[in-house]
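Accompanying notes for the structure given below.
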Amino acid sequence: MTSAQSTASSSVWLDALATALGPVIWGSTYIVTTELLPPDRPFIAALLRTLPAGLLLVLWCRRWPAWGDWVGWRRLLVLAALNIGVFQALLFVAAYRLPGGVAAVVGAVGPLVVMGLTWALDHRRPPALALVAGALGVLGMAALLLSPGARWDMVGVAAALVGTLCMAAGTFWSRRWRSDLPVLAFTGWQLLAGGVMLAPVAWVVDPPLPALTPTHIAGYLYLSLAGALVAYALWFRGIARLPSVAVSSLGLLSPVTAVLLGWALLGQAMTGVSLVGMLVVLASILAVQWAMSHAVPPGGR
């Protein structure tokens with residue numbers, strides 16, 4: 001390996017590590033929501049996570065999409081719906097109707113969906129190792145999170161599946177529709193537009209907020225600043241620098257983080273099968289990163 005190749009490989013892995021911080025932060029969403037926020041207000045939580053973060057980023061960057069670029073605006077709104085608005089709404093529908101394990105296992109098919117889109121639309125056949133590792137990631141997630149008596153509510157399963165398809169498509173098309181906006185501005189506009197889409201849903205579906213305590217405020221601030229502003233900025237930065245398949249596989253770190261936080265902070269039990277499942281998921285993520293870093297030059301799809 002030449003010096004240039006070694007430097008490029010190191011850069012790819014550093015970008016993967018930075019991108020991985022986004023799903024790791026998202027993995028804390030469950031414990032923050034259950035322990036710090038008012039109950040039974042999922043869409044308000046999604047709204048307060050996305051809209052303020054979007055406003056902050058847009059005001060900070062002061063970069064606007066070209067007003068006359070209608071194609072660019074349409075693409076931005078489609079991405080905002082896929083990555084933020086529709087995805088967040090369906091995510092919370094699934095979360096309230098399914099056990100977390102079932103929702104996470106359905107969501108684990110996301111990397112395989114991105115591989116399918118890459119194969120079908122970009123005519124790039126994913127490496128065999130990536131395909132196998134993606135399938136093993138689903139099996140590992142099932143071993144990590146599914147209990148024998150898991151309840152498969154069909155509305156919840158449908159919401160989780162459609163939400164997964166939205167996020168996978170959003171990851172793929174965010175890479176394909178490269179924007180001239182800087183990453184932070186691109187992130188801000190998606191969060192802002194997605195938050196606006198969530199506002200009427202939160203208004204109609206959720207009951208009004210109670211008087212907020214300092215704990216509630218701290219939880220909402222964390223979800224917005226860390227869970228949206230920082231995490232999505234890292235995610236979209238990764239999409240701009242890494243293959244879509246590699247980025248999508250890093251999303252499996254979110255449920256893994258949630259399980260570890262539940263064990264460390266809430267005393268939730270972990271069995272031997274769960275530990276094996278976690279190791280399989282982590283091995284799957286590493287295998288996909290390795291396969292894609294060798295299959296696609298840095299900056300390629």
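In the stretch 168-209, what residues are among the small types (Gly, Ala, Ser) and part of a helix (DSSP H, G or I)?
The answer is Ala168, Ala169, Gly170, Ser174, Ala185, Gly188, Ala193, Gly194, Gly195, Ala199, Ala202.
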Of the conditions (1) outside any helix (DSSP H, G or I); (2) hydrophobic (A, V, I, L, M, F, W, C); (3) under 13 Å from the mean Cα position of the chain (by Cα), Ile239 fails just one. Which one is it?
-> (1)
Restricting attention to the stretch 200-217, report how many residues are closer than 14 Å to Pro52 by Cα and open to solvent by less than 50 Å² (accessible area, probe 1.4 Å).
-> 0
Taking first residues from the stretch 120-147 that are open to solvent by 50 Å² or more (accessible area, probe 1.4 Å) and at pLDDT 85 or above and second residues anywhere that are part of a helix (DSSP H, G or I) and β-branched (Val, Ile, Thr), the pairs with Cβ under 7 Å that are 6 or more apart or on different chains are Arg124/Thr118; Leu136/Val280; Leu139/Val280
Please list, ordered by first then second residue, the pairs with beta carbon atoms under 7 Å, 6 or more apart or interchain, first in the stretch 260-284 and of a type in the set (Phe, Trp, Tyr), second surrounded by 13 or more Cβ atoms within 10 Å (Cβ to Cβ).
-> Trp263/Met270
Of the numbered conditions (1) of a type in the set (D, E, K, R); (2) over 16 Å from the mean Cα position of the chain (by Cα); (3) open to solvent by less than 70 Å² (accessible area, probe 1.4 Å), Arg49 fails exactly one; give the number of that condition.
-> (2)
Cβ-Cβ below 6 Å, separation at least six or inter-chain, first residue in the stretch 163-184 and closer than 14 Å to Pro243 by Cα and touching a residue at least 24 places away in the same chain (Cβ under 8 Å), second open to solvent by 10 Å² or more (accessible area, probe 1.4 Å) and not in a loop (DSSP other than H, G, I, E, B): which pairs?
-> Ala168/Val113; Ala169/Leu82; Gly170/Leu82; Thr171/Ser248; Phe172/Leu117; Trp177/Arg75
Does Ala233 satisfy the condition of being under 22 Å from Gly195 (Cα atoms), of a type outside the set (D, E, K, R) and within 18 Å of the chain's Cα centre (by Cα)?
-> yes
When you look at Val196, is it open to solvent by 40 Å² or more (accessible area, probe 1.4 Å) and in contact (Cβ under 8 Å) with a residue 12 or more places away in the chain, yes or no?
-> yes
Report yes if Leu37 is open to solvent by 20 Å² or more (accessible area, probe 1.4 Å) and under 26 Å from Ala81 (Cα atoms), otherwise no.
-> no
Residues being open to solvent by 60 Å² or more (accessible area, probe 1.4 Å) and either in a helix (DSSP H, G or I) or at pLDDT 95 or above (or both) - total across the stretch 52-85 | 10
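Just the residues that are among the hydrophobic types (A, V, I, L, M, F, W, C) and touching a Phe, Trp or Tyr at 6+ places or on another chain (Cβ under 8 Å), please, taken from the stretch 158-184.
First pass over the stretch 158-184, keeping only residues among the hydrophobic types (A, V, I, L, M, F, W, C): 158-162, 165-169, 172-173, 177, 181, 183-184.
Of everything in the stretch 158-184, those that are among the hydrophobic types (A, V, I, L, M, F, W, C) and touching a Phe, Trp or Tyr at 6+ places or on another chain (Cβ under 8 Å) turn out to be Cys166, Met167, Leu181, Val183, Leu184.
The values are calculated or read from the model by the stated rules, or taken from the named source; none is laboratory data. Computed from a predicted structure; not experimentally measured. So basically every Cβ, Gly included, is an ideal-geometry build from the backbone, and we count neighbours across all protein chains shown. Ligands, DNA and RNA are stripped out before the accessible areas are found, and what is left, the full protein with its side chains, is counted by its heavy atoms. Shrake-Rupley method; radii C 1.70, N 1.55, O 1.52, S 1.80 Å.
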